[in-house]
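Read through the structure below, which is laid out as structure tokens, and then see the notes.
The values are calculated or read from the model by the stated rules, or taken from the named source; none is laboratory data. Everything numeric in this text was worked out from a predicted model, so none of it was measured. Positions of Cβ are generated from backbone atoms using ideal geometry, with glycine treated the same way; all protein chains shown enter the neighbour counts. For the accessible areas, the whole protein counts, side chains as well, though only heavy atoms, and no ligand, DNA or RNA atoms are used. Shrake-Rupley method; radii C 1.70, N 1.55, O 1.52, S 1.80 Å.
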Amino acid sequence: MKPSSRTVVLGLMQTRCSPAPDANLKKTLHAAERAAKDGAQIICTQELFRSQYFCQTEDHKYFALAERIPGPSTAAFQKLARKHRVVVIASLFEKRAAGVYHNTAAIIDADGSLAGCYRKMHIPDDPLFYEKFYFTPGDLGFRAWQTRYARVGVCICWDQWFPEAARLTALHGAEILLYPTAIGWHPGEKKEQGANQHDAWELIQRSHAVTNGCYVAVANRVGLERPAGGQGIEFWGQSFVAGTSGEILAKASEDKEENLIVPVDFAKVDVARTHWPFLRDRRIDAYAGLTRRWID
């Protein structure tokens, strides 16, 4: 027998960010209001939506952007969640303590309660992505939360390249993997490498949907940002939702602010995991080497 439908509407917010944190918060709240009015039940922000992507340089002044969780941003989204009965994934720069900061996603349930937090586990250090200067690696592990509409797993940006992160989150029962993201091109590399970079980013996440039999939803920012001067980063937008076979169900534009509103049927997770039983056939007795840096 085919499971009955469990259709839930996703809302991914893709926006441009200004240097003004309060304006960015206001814009994102308005976008979330529109998404809820358009039927979204699970809403996800892009990574660090309250500011431009400050990790393009190492500068202590940007620590002033951080806030406590719970704090003013979570309170604003809790009010919105309670009003519209929506689940919200909000990506924030968390000040945990003096000298201890995290790149954190707050998971807010449809009754406005703070269900929990995910702290970004994989912290990059690449040209214009100097996150190790700012963020302490996450210490809450990979998790999933039972919300009103689905069991959701959350990872953040650089985490999306690691199949181990997706797998462990799925093993907690996640029916969907949500990835708040801030990724784009170095303008000087776009012509030669841009297409391959984007295709690899999309492909690795679609593969997470296939191998874990779940949905994948990615909210990315858009626009050129140069808070440190220079060429900056051209964020490539193209937020998307992939189905349980890795198929692209919907994709946002490369250069426009928009909400991506996508209905998904969570009953298909059970079908996918039954007919493609990767979780059943895993050789968990043979994977000890995964806990080693390199096998030599």
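Return yes or no: is residue 216 surrounded by 14 or more Cβ atoms within 10 Å (Cβ to Cβ), part of a strand (DSSP E or B) and either among the hydroxyl-bearing types (Ser, Thr, Tyr) or in contact (Cβ under 8 Å) with a residue 12 or more places away in the chain (or both)? Write out each step before concluding.
Details: surrounded by 14 or more Cβ atoms within 10 Å (Cβ to Cβ): yes; part of a strand (DSSP E or B): yes; either among the hydroxyl-bearing types (Ser, Thr, Tyr) or in contact (Cβ under 8 Å) with a residue 12 or more places away in the chain (or both): yes.
For residue 216, the condition - surrounded by 14 or more Cβ atoms within 10 Å (Cβ to Cβ), part of a strand (DSSP E or B) and either among the hydroxyl-bearing types (Ser, Thr, Tyr) or in contact (Cβ under 8 Å) with a residue 12 or more places away in the chain (or both) - is met.
Looking at the range 31-57 only, could you name the residues that are exposed (fewer than 13 other Cβ atoms within 10 Å of the Cβ) and either farther than 24 Å from residue 6 by Cβ or within 16 Å of the chain's Cα centre (by Cα) (or both)?
Within the range 31-57, no residue meets the criteria.
Just name the residue that is farthest from residue 78 (Cα to Cα) out of those in the range 31-50 that are among the small types (Gly, Ala, Ser) and without any contact (Cβ under 8 Å) to a residue 60 or more places away in the chain. Don't jump to the end; show me each part of the working.
We begin by selecting, within the range 31-50, every residue among the small types (Gly, Ala, Ser); these are 31-32, 35-36, 39-40.
Now narrow it down to the ones that are without any contact (Cβ under 8 Å) to a residue 60 or more places away in the chain: 32, 36.
Numbers: 32: 12, 36: 13 Å.
The qualifying residue farthest from residue 78 (Cα to Cα) is 36.
Each row is one residue, and each column tells you yes or no for (1) part of a loop (DSSP other than H, G, I, E, B); (2) open to solvent by less than 60 Å² (accessible area, probe 1.4 Å).
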residue	(1), (2)
250	no, yes
254	yes, no
261	no, yes
280	no, no
290	no, no
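Which of the following residues is on the phi > 0 side of the Ramachandran plot and surrounded by fewer than 15 Cβ atoms within 10 Å (Cβ to Cβ): 229, 237? Steps first, please.
Working: 237 fails: surrounded by fewer than 15 Cβ atoms within 10 Å (Cβ to Cβ).
Unique residue meeting the criteria: 229.
Is it true that some residue in the range 105-114 is assigned to a loop (DSSP other than H, G, I, E, B), acidic (Asp, Glu) and open to solvent by less than 50 Å² (accessible area, probe 1.4 Å)? Working first, answer last.
At the first step, the residues of the range 105-114 found to be assigned to a loop (DSSP other than H, G, I, E, B) are 109-113.
Still in the running and acidic (Asp, Glu): 109, 111.
Filter once more, so that each one left must be open to solvent by less than 50 Å² (accessible area, probe 1.4 Å): 109.
Within the range 105-114 (the criterion being assigned to a loop (DSSP other than H, G, I, E, B), acidic (Asp, Glu) and open to solvent by less than 50 Å² (accessible area, probe 1.4 Å)), the answer is yes, since at least one residue qualifies.
Would you mind telling me which numbered condition in (1) of a type in the set (Lys, Arg); (2) closer than 15 Å to residue 221 by Cα; (3) free of Cβ contacts under 8 Å to residues at least 60 places away in the same chain residue 16 fails?
Here residue 16 clears every test but (3).
Residue check, residue 233 against (1) in contact (Cβ under 8 Å) with a residue 40 or more places away in the chain; (2) in contact with a Phe, Trp or Tyr (Cβ under 9 Å, 6 or more places away or on another chain); (3) farther than 22 Å from residue 122 by Cβ, all met but one. Which one?
So the condition that residue 233 fails would be (3).
Return the residues of the range 145-172 that are out of contact with any helix residue (DSSP H, G or I) (no Cβ under 6 Å at 6 or more places or on another chain) and either open to solvent by less than 30 Å² (accessible area, probe 1.4 Å) or at pLDDT below 95 (or both); say none if nothing qualifies.
Of everything in the range 145-172, those that are out of contact with any helix residue (DSSP H, G or I) (no Cβ under 6 Å at 6 or more places or on another chain) and either open to solvent by less than 30 Å² (accessible area, probe 1.4 Å) or at pLDDT below 95 (or both) turn out to be 145, 147, 150, 152, 154, 156, 157, 169.
Output the qualifying pairs, or none if there are none: Cβ atoms under 7 angstrom, residues six or more apart or on different chains, first residue in the range 237-249 and under 17 Å from residue 174 (Cβ atoms), second residue in a loop (DSSP other than H, G, I, E, B).
From the range 237-249, the pairs are 244/213; 244/214.
Tell me, please, whether a residue that is open to solvent by 30 Å² or more (accessible area, probe 1.4 Å), outside any strand (DSSP E or B) and under 30 Å from residue 275 (Cα atoms) can be found in the range 179-189.
Of all residues in the range 179-189, those open to solvent by 30 Å² or more (accessible area, probe 1.4 Å) come to 186-189.
Cutting the leftovers down to outside any strand (DSSP E or B) gives us 186-189.
Going one step further and asking which of them are under 30 Å from residue 275 (Cα atoms), we end up with none.
No, the range 179-189 has no match at all.
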